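Okay, so here's the structure we're looking at.
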Amino acid sequence: MEINAAVITVSDTRSIENDISGNKLVELLSNFGANIAIRRTITDDLFHLRETLHSLTEREDINLIITTGGTGFSPRDNTPEATQGVIEREAPGMAEAMRRESAAKHPMAMLSRGVCGIRGNTLIINLPGSPSGVEECFEVIRPVLKHAINLLSGETLHEN
């Protein structure tokens, strides 16, 4: 199963032109072999973010949505709430693993509220907003990402 990804940067201040963490995520996904179907930057507005995530899960050509940004303690950090408003099932092990591995190197990673979950056949993953956080967290989920997408598509055979 091919991975067809949407990369969503959540920020009130970034645009495609200055989106370093989004650029890093696109690079990591492309090197992983994923197709980048959509790349957007959107504001931290809860309603707009939730609607964007929902509409992307309705598309048949997208099976992975990865967000970067909006996972902290700031009043405008709404990415986890928007994601929880869209997903049907959580995938807590992925978020827990990312926090565990990141916090071992950087104690502030414990402040990340990112969540992961599933709606239909689409996996949604929240990553932090820094390029280093994106890279560290992506490396944690990399070993299971293809298998997760295969499972969502109905493929239950294990990869070797």
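Throughout, read-outs are computed from the coordinates displayed, never taken from laboratory work. What you see is a predicted model; the values in this text were computed from it and never measured. Every residue, glycine as well, gets a Cβ built from its backbone with ideal geometry; the counts of neighbours run over all protein chains shown.
Worth pointing out:
- Overall form of the range 1-64: oblate. Here a/c, set by the Cα gyration tensor axes a ≥ b ≥ c, is 1.5 or more, and a/b is not larger than b/c.
- Per residue Cα convex hull volume in Å³ - calculated over the range 4-152: 94 Å³
- Full extension of the chain between GLU90 and GLU17 gives 23.0 nm of extra length, using 0.36 nm per residue less the Cα-Cα distance.
- Here r is the Cβ-Cβ distance between MET108 and GLU139 and R0 is 22 Å; the resulting FRET efficiency, rounded to 0.05, is 0.75.
- With the simple spin-label model, which puts each label point 7 Å out from Cα in the Cβ direction, the PHE32 to ALA97 separation comes to 1.1 nm.
- Between the beta carbons of SER130 and ARG40, assuming R0 = 25 Å, the FRET efficiency works out to 0.85 to the nearest 0.05.
- Under the simplified labelling scheme, the HIS48-MET1 pair shows an inter-label distance of 3.2 nm, with each label point 7 Å from Cα along Cα→Cβ.
- Size of electric dipole in the range 8-81: Cβ of Lys, Arg +1 and of Asp, Glu -1, about Cα centre, debye, nearest 20: 160 debye
- Take every Cα pair under 8 Å whose residues are at least 6 apart in sequence, average their separation, divide by the length of the chain, and the relative contact order is 26 percent.
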